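Beneath this line is the structure, given in structure tokens, with notes to follow.
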Amino acid sequence: MSPGKRPPKNPSALRMVGELLALFRKAAGYTQATLGARLVIAESTIAAYEQGRRPLLVDTARQMDQLLDTKGALETAVMAMPEIDQFPLYAEQYMAHEREAIALSWYDVLAVPGILQTEDCARTVLRNRVPAYDEDEIATKTAARVERQEILQRKCPPTLSFVVWEAALKLAYLEPLARAEQLRHLRECAELPGLALQFLPLDAPAHAGLDGAFILLETPEHQQLAYTESQRGSQWVSTPDEVSILARKYAMLRSQALTPEQSKGLLDRLLGDR
């Protein structure tokens, strides 16, 4: 395999879950369209689940089990799925939703958000992981992270909002040239239509994000989801009450952060352009 190229995906586990879903759906007398209507999910999404093109989230599997009276079979199958393509299932699920999201609101604390990282920055961040990845894993994960940035350049990109703690801009782990490249990349991203980039100053008197990084996501079906990250892994949040709490935190963070124009000025100063 050439360096930086992702290994081919083994879709057998996804297909197995999809075939189970199709079997249970038909046994319960639903079409893809009528099942989607009951769950407020697009018919095309149901088809993608059944064809193994999109991973089924645990919460969605649980809802389907209740509707189809399948006694937890789909949830159990999803929970038992092996890691796919060298990424944990929750990460695969997040990336699938990220590709299709119509809106992303991303708060990060000590690192530049993944889809705003340059290749050098992504590689360096992954190389600092403890326990260490081997070089093949670093190449695979770096390529995957860079590939995700395709959503920034789409003809109709999602609405994107980022709030990043200023500490993430110190970038002491990068060589000077790589640091400058990352700052320039952020400055360019800040000019993209439909993208708002804000920094929370180190001397901000209030900080609504001390519990850590998180991402809010809106699906094409207007489902509100959240994704939280911690030292020991990440998790989906889909219950309305918990998503609401994170949405309120994000709104507060935006009010506490520099405006997008002020944030561009901060980047200009760090780059020495002003």
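State yes or no: is residue 107 closer than 30 Å to residue 206 by Cα, buried (at least 19 other Cβ atoms within 10 Å of the Cβ) and out of contact with any Pro (no Cβ under 6 Å at 6 or more places or on another chain)? Step through it out loud before you land on a result.
Details: closer than 30 Å to residue 206 by Cα: yes; buried (at least 19 other Cβ atoms within 10 Å of the Cβ): yes; out of contact with any Pro (no Cβ under 6 Å at 6 or more places or on another chain): yes.
Yes, satisfied.
Right, residue 166: surrounded by 11 or more Cβ atoms within 10 Å (Cβ to Cβ) and more than 16 Å from the chain's Cα centre (by Cα) or not? Let's see the steps before the verdict.
Values: surrounded by 11 or more Cβ atoms within 10 Å (Cβ to Cβ): yes; more than 16 Å from the chain's Cα centre (by Cα): yes.
Here the answer is yes, as residue 166 does meet what is asked.
Which residue pairs have Cβ atoms under 7 Å apart, sit 6 or more places apart or on different chains, and have a first residue in region 47-68 that is in contact (Cβ under 8 Å) with a residue 12 or more places away in the chain and a second that is crowded, with 16+ Cβ neighbours inside 10 Å and part of a loop (DSSP other than H, G, I, E, B)?
49/56; 59/238
Among the residues of region 197-207, is any modelled with pLDDT under 95, on the phi < 0 side of the Ramachandran plot and of a type in the set (Phe, Trp, Tyr)?
No - not one qualifying residue is present in region 197-207.
Can you find even one residue in region 28-44 that is closer than 30 Å to residue 126 by Cα and at pLDDT 90 or above? Talk me through it step by step, then tell me what you get.
Filtering region 28-44 for residues closer than 30 Å to residue 126 by Cα gives none.
No, every residue in region 28-44 fails to be closer than 30 Å to residue 126 by Cα and at pLDDT 90 or above.
If you go through region 25-49 one residue at a time, how many are among the acidic types (Asp, Glu) and either in contact with a strand residue (DSSP E or B) (Cβ under 9 Å, 6 or more places away or on another chain) or buried (at least 21 other Cβ atoms within 10 Å of the Cβ) (or both)? Steps first, please.
First, pick out the residues of region 25-49 that are among the acidic types (Asp, Glu): 43.
Pick out the ones that are also either in contact with a strand residue (DSSP E or B) (Cβ under 9 Å, 6 or more places away or on another chain) or buried (at least 21 other Cβ atoms within 10 Å of the Cβ) (or both) and you get none.
Matching residues across region 25-49 total 0.
As an exercise: evaluate residue 221 against (1) part of a helix (DSSP H, G or I); (2) within 24 Å of residue 41 (Cα to Cα); (3) of a type outside the set (A, V, I, L, M) and give the number of the one condition it does not meet.
Every listed condition holds for residue 221 apart from (1).
Return the residues of region 110-142 that are of a type in the set (A, V, I, L, M), under 24 Å from residue 187 (Cβ atoms), over 13 Å from the mean Cα position of the chain (by Cα) and surrounded by 18 or more Cβ atoms within 10 Å (Cβ to Cβ); say none if nothing qualifies.
Hits for region 110-142 are 111, 112, 122, 125, 126.
The values are calculated or read from the model by the stated rules, or taken from the named source; none is laboratory data. Remember, it's a predicted structure, so these values are computed and weren't measured experimentally. All Cβ positions, glycine included, derive from the backbone under ideal geometry; neighbour counts span all protein chains shown.
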